[in-house]
Amino acid sequence: NRPIRVLLIEDNREHTELLERLLGNSEYPKFTATVASTLAAGLEKLKELQREHPSLQLHVSVSSGALPGEHRPGLVVDAIERDFGSLAGWQAYLYGSPPMVEATAVLARRKGIEALRIHAEAFYTQPS
């Protein structure tokens, strides 16, 4: 059983540390995390993975600040809705704001992912 590779694109160090701790304590398969602290660094890591695995398809949605021709503007749920039919047999690993995690989990269930195969961690930002 090879570990599941996770690319975490996160500029908030506290969120990064939280996710690394959660992944390290997971009762599910083991994870290895690669961290990118900027979108540009994360996209470069994804391109490296695509070179290693030519059949890998990248679907990068950016809710704000999308660069034309490089990023897909919009919400991830909209991209999943448009691009994928049934997701039966898939697993989903969701991490992000509570509204995004909840909306994506609902969509994943509607598209056929079994509830036990949806792993989610919503994070709440504390006021400064």
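General remarks:
- Sites matching GluC sites (Glu not before Pro) across the range 1-91 that sit in DSSP coil, with at most 15 neighbouring C-beta atoms within 10 Å: E27, E70
- Taking each DSSP H run with n ≥ 4 as -39500 (n - 2.57) and averaging over every residue of the chain yields -11500 deg cm²/dmol at 222 nm.
- Accessible surface computed residue by residue for the chain, with neighbouring protein chains in place and a 1.4 Å probe, gives 70 Å² per residue.
- Near W90, once Lys and Arg are set to +1 and Asp and Glu to -1 for all other residues with Cβ below 12 Å from its Cβ, the sum equals +2.
- Apportionment of accessible area to carbon and sulfur, the chain, percent (1.4 Å): 53
- Contact order, relative form, for the chain: 17 percent (alpha carbon pairs under 8 Å, 6 or more residues apart, mean separation divided by residue count).
- Annotation for K45 and H119: the two label points, set 7 Å from Cα along the Cα-Cβ direction, are 1.6 nm apart.
- Gaussian network model of the chain, springs between alpha carbon atoms under 10 Å - residue of H53, H15, H71 with greatest fluctuation: H53
- Prolate/oblate/rounded label for the chain (Cα gyration tensor, a/c 1.5): rounded
The values are calculated or read from the model by the stated rules, or taken from the named source; none is laboratory data. If you're wondering where the values come from, they're calculated on a predicted model, not measured in any experiment. All Cβ positions, even for glycine, are placed from backbone atoms using ideal geometry, and neighbour counts span all protein chains on display. The accessibility values were calculated without ligands, DNA or RNA, using every heavy atom of the protein model including side chains. Shrake-Rupley method; radii C 1.70, N 1.55, O 1.52, S 1.80 Å.
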